Amino acid sequence: MRWRRYDAVLFDLDGVVTPTAEAHMRAWSDMFNAFLSSYTGDGDSSPYTEVDYFAQVDGKPRYDGVRDFLSSRGIVLPEGTPADPASADTVCGLGNRKNDAFNIVLERDGVTAYPGSVLLLDHLERLGIPLAVVSSSANAPAVLEAAGLADRFRTVVSGTVAHELGLPGKPEPDTFLHAAQVLGAPADRAVVLEDAVSGVRAGAAGGFGLVIGVDRGAGHATLAEAGADVVVSDLAELVPGETEDGR
């Protein structure tokens with residue numbers, strides 16, 4: 001890697017910087033399987049699995065994930081509104097139910113960043129390259145605070161920010177493009193790091209200078225097919241050795 005070729009680095013959060021993707025996976029699984037076990041309407045109510053997570057949910061805004069999963073099963077629910085209680089059997093209600101489950105996991109277990117990700121953050125800080133988090137999760141600021149990383153990023157484009165600005169979520173590139181603009185970098189001079197297929201597709205669609213896939217379970221081949229220029233298993237692989245300075 002020659003990091004000085006780039007003017008900004010845009011990180012997804014869950015599964016790239018912090019292992020909170022695992023907490024999200026557990027929260028989605030608990031929520032969907034509880035719903036499916038009691039669902040008696042039309043459609044496929046067989047148990048939700050990890051395959052469903054990667055195919056329908058991973059990296060997307062929460063309500064989009066609910067909507068896409070239900071659609072894949074032929075299940076039709078009312079859309080509802082974001083103000084729906086978590087008990088409501090609506091798209092928004094299920095999304096809010098999942099968010100409650102995630103917050104319980106976060107409060108109970110806390111979060112520690114991947115050591116390799118911290119190494120890369122340290123390296124990029126020494127180079128003076130501005131950094132952003134671009135996450136579909138509304139919980140991104142809370143996760144960064146819990147991990148002690150809030151001061152590492154000049155801007156955080158969370159699901160809440162995207163909603164406020166009317167930006168479509170991943171796999172559309174708009175949230176990444178907005179982050180690059182805030183950092184003063186043209187897309188072709190910015191790097192995107194993503195572990196989700198939808199996020200990699202967003203990076204590829206945005207014309208970014210480099211899209212790096214981080215394989216935390218989606219698979220190297222799958223991320224490459226989605227548009228990743230490079231795929232790694234850990235961000236430590238992107239930190240130059242002692243004889244290189246990233247130029």
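When the chain is treated as a GNM with alpha-carbon contacts under 10 Å, the residue of 82, 130, 173 showing the greatest mean-square fluctuation is 82. Couplings 3J(HN,Hα) for the stretch 113-130, derived from phi with the Karplus relation 6.51 cos²θ - 1.76 cosθ + 1.60 (θ = phi - 60°), are 5, 4, x, x, 5, 5, 4, 5, 4, 4, 5, 5, 5, 5, 7, x, 7, x Hz, where x marks Gly and Pro. Model label points for residue 76 and residue 230, set 7 angstrom from Cα along the Cα-to-Cβ axis, are 4.8 nm apart. Taking amide hydrogens as placed 1.01 Å from N in the peptide plane, the amide H of residue 231 sits under 5 Å from those of 213, each at least 5 positions away in sequence or on another chain. Considering only 210, 13, 77, the Gaussian network model of the chain with Cα springs below 10 Å gives its largest mean-square fluctuation to 77.
Two-decimal Rg/Rh of the stretch 15-99 from alpha-carbon positions, Kirkwood Rh? Using Cα coordinates only, the ratio equals 0.94.
Against the empirical 2.2 N^0.38 Å (N residues), the stretch 77-167 has a Cα radius of gyration ratio of 1.31.
The trypsin sites (Lys or Arg not before Pro) of the stretch 1-37 that meet both conditions, a loop assignment by DSSP and at most 13 other Cβ atoms within 10 Å of the site Cβ, are 2. When the chain is treated as a GNM with alpha-carbon contacts under 10 Å, the residue of 131, 106, 36 showing the greatest mean-square fluctuation is 36. In angstrom, the C-alpha Rg and Dmax of the stretch 184-247 are 12.2, 35.
Split the accessible area of the stretch 97-247 by element, probe 1.4 Å, and carbon with sulfur accounts for 48%. Cα centroids of the stretch 96-116 and the stretch 7-40: how far apart, whole angstrom? The two parts, judged by their Cα centres, are 9 Å apart. Taking only the Cα atoms of the chain, the radius of gyration and Dmax are 17.9, 63 Å. Rolling a 1.4 Å probe over the heavy atoms of the protein chains gives the stretch 175-241 an accessible area of 35 Å² per residue.
The values are calculated or read from the model by the stated rules, or taken from the named source; none is laboratory data. Please read all numbers here as calculations on a predicted model, not as lab measurements. Cβ sites come from the backbone with ideal geometry, for glycine too, and all protein chains shown count toward neighbours. All accessible areas refer to the heavy atoms of the entire protein, side chains included, with ligands and DNA or RNA removed. Shrake-Rupley method; radii C 1.70, N 1.55, O 1.52, S 1.80 Å.
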